[in-house]
Every structure is written in structure tokens, then in C-alpha cells.
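Below is one structure, written out as C-alpha cells, with a few remarks after it.
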């Protein structure tokens, strides 16, 4: 600022003293020379920038300190303390048997369910990337009730598989022990996840020799930090097939009149359509259900039926789809059961449905 009356240049500045934006110091300088005032302004500007940089670098550190200070459940047992930093594996792990040595083993056939106990040495929310400068990401560890990690499998045959693990914390309690499914049992139909992540990546069908598997639980930052590790092996078992962990079951039949007459007609249509095309001729209709039925108008004699079906290929793999048919009641006594006309399809003709679906489920209920 220049005061004409006195012919003096004034300059003031404020700076943070590292204890928060609400605490300031202030200085006022004056000079008879404009150039001197400019130099003072430049100097104070540099000082201010340095103070801002120092503050910004302290913000993530303070946020991390706040996270580390929050309580977690600690070691849940002597077994947990002994195995901190380890991953242990078993067919069925529950809260009741998680601390029992007999629960765990190290060899599995590919058709066995595999669960893992994750024994951490501190709360899962405290595995923070200390080099992280993004405050929003850091604060997420502190405020979110869910921690996200990467489970990585490295096999001795050179293949790898990985997936995210989402650990949900109960209110006001950060976990240090977590039980997670690696390989689901067959036909766990209602589970949101399946075994595709491992089945499709490691290709263990027809396994003839033991394969070692190294398992690591890692943070998801730019420089992953290992939280826990362990290992097991897949061993050969004749005829063993790794399940998808999701059932292809088409569900239950919708309750409609003359169901016993309608279903054989639908089955005949499917079989005829599958046999008519080279791409589907070797496929078999495994099972199907009528899952809904409705009419365009109460007086209409033409009810629509939606059908869920399961088709099996030569390898014994199943996949499912759905289609809509129109039931038309004929007048001829010889055709008492009536016949179907395709009304519409979600994917197209049956051969197109088959070509566009993959066997991401297990046969049967």
C-alpha cells in the first residue's frame, strides 16, 4: 500500500503457525523506496507459500495420526496373537472354531470349499498408505465402515488370480480378524459372488499334480503393503471340477392352470429349436420352469408365459437363460394342449441366446 501523504509504502502479511488456520501472526513493514517495498512483498510472499506448503503437508499426517489413535478390537485371543500377520485356510470356518487348530489344513482338491481366516496385527482401518497425500482417501479410512484390500493368489504353475476383499466393520468397532470365502461350495445360489475370479484365471481342470498356492492380502494403494500371508496347495482328485459356486437352477414353477399340459409342449419346442441349428445341435435342455404368466387383457385367451431354462453342453457345463412365449388355446380337440408361438425374446432366437451366454453356474439345484 502507498500512502501519498507520508510517501511511505506499507506491506502486511499473515501466516499460519502450524496449529490450524485460525491462528495467525501479522507483521507490518514500511519503506520510503518502492523497490524496497517490492522486495519485502516478494519475501513475504515466499514466506507465506512456505507456510502454506508446510500446513498442507501436515494435514495428511494429522489425519493419519487421528486414524491410528482410534481403538480397534486388538488381539481377539492368544491364537490370534500367535498367528498375527498370517492367513489360515479351512473348509468351514466360523466364529466358534476360528481359534481351533483342527479347523485348518493346507491341502485341498479343486472341488472343495476354501475359507480363510485373516489375522491382522492391528485394525484393518489402520493399514493406511503413509505416503498418501490425498486427504479424501485418507479420511475415508477414518469415516468409512468398510475397508478394501486385494487378495492375491500366486500358483507354482505360473498362473495368478486376484480379487477385492471388502471388510465391513460393525458400529464403533474396527476389526482385526476376518473370515472370508476363497472358493465357494457348490450351488451357493443366493450369494452375490461366485468362483469365476479363480476358476477362469487359474485353469485347474484335469489337475494331475500338486500345485502350491501363495496367498497374500495387500493394501490397494500405489505401493501395496502386505497385511498377512499364507499358503495351501491344490491336490489332484479324479473327476474333480471346480464349481462356479452359483446354481443354474431355474427356480420354481409359477402356479398356472394346465401346467402339466403346457410344460411338455415347451420342452418339445426347445428340443426342436436346439436340434435345428449346428451351433446348438449338441446342446441338451437340462431343466426349465415357467416363472410368470400374464394376459394383455382380462378377456384375452392368449396368456404370455416367461420361461427360465438351463442348457447343458458336451462338457457337462450348464448355463441359463430366459424367454417369453405366447400360449394359444386352439379349438381343435386333437390339439387340446394347444401350441406356442414366440412372442418375444430377451436375447433373440434360442441359438443366439446360447451363443451369448457363458456357463457361469453349476448344473442342478
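Data for the structure
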quantity	calculated
Residue 98 being touching a helix residue (DSSP H, G or I) at 6+ places or on another chain (Cβ under 9 Å) and at pLDDT 95 or above	yes
Count of residues meeting criterion [free of Cβ contacts under 8 Å to residues at least 40 places away in the same chain and closer than 22 Å to residue 241 by Cβ] in the range 84-123	3
When residues of the range 256-289 are limited to those that are assigned to a helix (DSSP H, G or I), without any contact (Cβ under 8 Å) to a residue 60 or more places away in the chain and in contact with a strand residue (DSSP E or B) (Cβ under 8 Å, 6 or more places away or on another chain), the one farthest from residue 307 (Cα to Cα)	271
From the options 320, 345, residue that is surrounded by 14 or more Cβ atoms within 10 Å (Cβ to Cβ) and modelled with pLDDT of 70 or more	320
Candidate set from the range 150-186 (those that are touching a strand residue (DSSP E or B) at 6+ places or on another chain (Cβ under 9 Å), surrounded by fewer than 18 Cβ atoms within 10 Å (Cβ to Cβ) and more than 26 Å from residue 221 (Cβ to Cβ)); member that is modelled with the lowest pLDDT	157
Looking only at the range 74-83, and only at residues there that are assigned to a loop (DSSP other than H, G, I, E, B) and in contact (Cβ under 8 Å) with a residue 60 or more places away in the chain, the one that is farthest from residue 107 (Cα to Cα)	74
The range 274-292, subset crowded, with 18+ Cβ neighbours inside 10 Å and modelled with pLDDT under 80, residue farthest from the chain's Cα centre (by Cα)	274
Hits in the range 237-255 - residues which are part of a loop (DSSP other than H, G, I, E, B) and buried (at least 21 other Cβ atoms within 10 Å of the Cβ)	242, 243, 244, 245, 246, 248
Meets criteria (free of Cβ contacts under 8 Å to residues at least 24 places away in the same chain and within 17 Å of residue 306 (Cβ to Cβ)) for residue 226	no
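This table checks each residue for (1) surrounded by fewer than 15 Cβ atoms within 10 Å (Cβ to Cβ); (2) over 19 Å from the mean Cα position of the chain (by Cα); (3) closer than 17 Å to residue 104 by Cβ; (4) modelled with pLDDT of 95 or more.
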| site | (1), (2), (3), (4) |
| --- | --- |
| 199 | no, no, no, no |
| 205 | yes, yes, no, no |
| 215 | no, no, yes, yes |
| 224 | no, no, no, no |
| 229 | yes, yes, yes, yes |
| 235 | no, yes, yes, yes |
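The values are calculated or read from the model by the stated rules, or taken from the named source; none is laboratory data. Please read these numbers as outputs of a predicted model, since none were measured by experiment. No Cβ is skipped: glycine too gets one built from the backbone with ideal geometry, and neighbour counts run over all protein chains shown.
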